[in-house]
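The values are calculated or read from the model by the stated rules, or taken from the named source; none is laboratory data. Since the structure is predicted, the reported quantities are computational estimates derived from the model, not experimental observations. Cβ coordinates were reconstructed from backbone atoms using ideal geometry, including for glycine residues, and neighbour counts include every protein chain displayed. Remember, those area values only see protein heavy atoms, side chains included, never the ligands or the DNA or RNA. Shrake-Rupley method; radii C 1.70, N 1.55, O 1.52, S 1.80 Å.
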Amino acid sequence: MVMDPFNLVLLGIVLVVAWKLRAALGSRTGLERTYQPEKKPEAPEAANANVLNFPTEVADPKEPELPVWAGYASEGSALAESITKIAAADANFAPKSFIAGARMAYEMIVEGFAKGDKAALKDLLSGDVYDGFAAAIDERAALGHTLQSRFVGIDKAELAGAELDGKAARVTMKFVSEIISVTLDKAGSVVDGDDKHIRQITDVWTFERDTSSRDPNWKLASTQEQV
């Protein structure tokens, strides 16, 4: 079979083009990295969209661990000893978080009493204290009186005492607060207090908890106002 010279020329051109393409692109060996589009960070799931991840404090292993009472009692004092005993009986107890919780409870109880909200007070007070608060609320309602109370601020909230009596832990707090308080009768006339006068009040409250109970909440066990 005789090859047409024109076909030979075309074949030569094809071979040259193929050789140049191979030189430019190379041949696949199976080890090349295949192109993959860069993955964008996935958006958080809707369920976690509102979750805030607060930074966690990592303890420095070089620094010695401070005793639980440090900063709240003097070394060797009865208060330091009692705080240590309560922390041993209740792994969740720490003075800093307790004081923060006690401040919140103080405001909730004062405001709940002013509003006559016995349901809100029920879980915050021990049985005896609740009975006293409920009786005062009922008496006020029977007279047709209304108590208006507003916090200006809490100037001081500090540990004043602590004790562990068997399984019963008791911690006493001293609160110094500024409050505007006035009691009105049915006609809206002032019976007691002054809605324009800020009173500074010092309260000494003792909170109690059974350390053997699964209920982690502390309840107000006694109150005393210092004049």
- Which one is nearest to Phe175 (Cα to Cα), of the residues in the range 113-159 that are free of Cβ contacts under 8 Å to residues at least 40 places away in the same chain, in contact with a strand residue (DSSP E or B) (Cβ under 8 Å, 6 or more places away or on another chain) and among the hydroxyl-bearing types (Ser, Thr, Tyr)? Ser149
- Look at Glu163 and say whether it is assigned to a helix (DSSP H, G or I) and of a type in the set (D, E, K, R). no
- Query: For Val227, which of the numbered conditions (1) under 18 Å from Glu107 (Cα atoms); (2) at pLDDT below 95 fails to hold?
  - Reply: (1)
- Filter result (touching a Ser or Thr at 6+ places or on another chain (Cβ under 6 Å) and open to solvent by less than 90 Å² (accessible area, probe 1.4 Å)) within the range 183-193: Leu184, Val191, Gly193
- Query: Quick one: in the range 83-140, which of the residues that are over 30 Å from Gly166 (Cβ atoms) and not in a helix (DSSP H, G or I) is most open to solvent (accessible area, probe 1.4 Å)?
  - Reply: Asp117
- Query: Just checking, which of Arg150, Arg170, Arg209 is among the basic types (Lys, Arg), at pLDDT 95 or above, open to solvent by 50 Å² or more (accessible area, probe 1.4 Å) and in a strand (DSSP E or B)?
  - Reply: Arg170
- Return yes when Lys196 is of a type in the set (Lys, Arg), in contact (Cβ under 8 Å) with a residue 60 or more places away in the chain, open to solvent by 20 Å² or more (accessible area, probe 1.4 Å) and over 24 Å from Ser74 (Cα atoms) and no when it is not. no
- From the list Lys219, Lys196, pick out the single residue that is at pLDDT below 95, charged (D, E, K, R) and in contact with a strand residue (DSSP E or B) (Cβ under 9 Å, 6 or more places away or on another chain). Lys196
- Task: With the checklist (1) part of a helix (DSSP H, G or I); (2) at positive phi in hand, flag the one item Gly188 doesn't pass.
- Result: (1)
- Go over the candidates Ser189, Ser177 one by one and state the one that is farther than 22 Å from Leu125 by Cβ and among the polar types (S, T, N, Q). Ser189
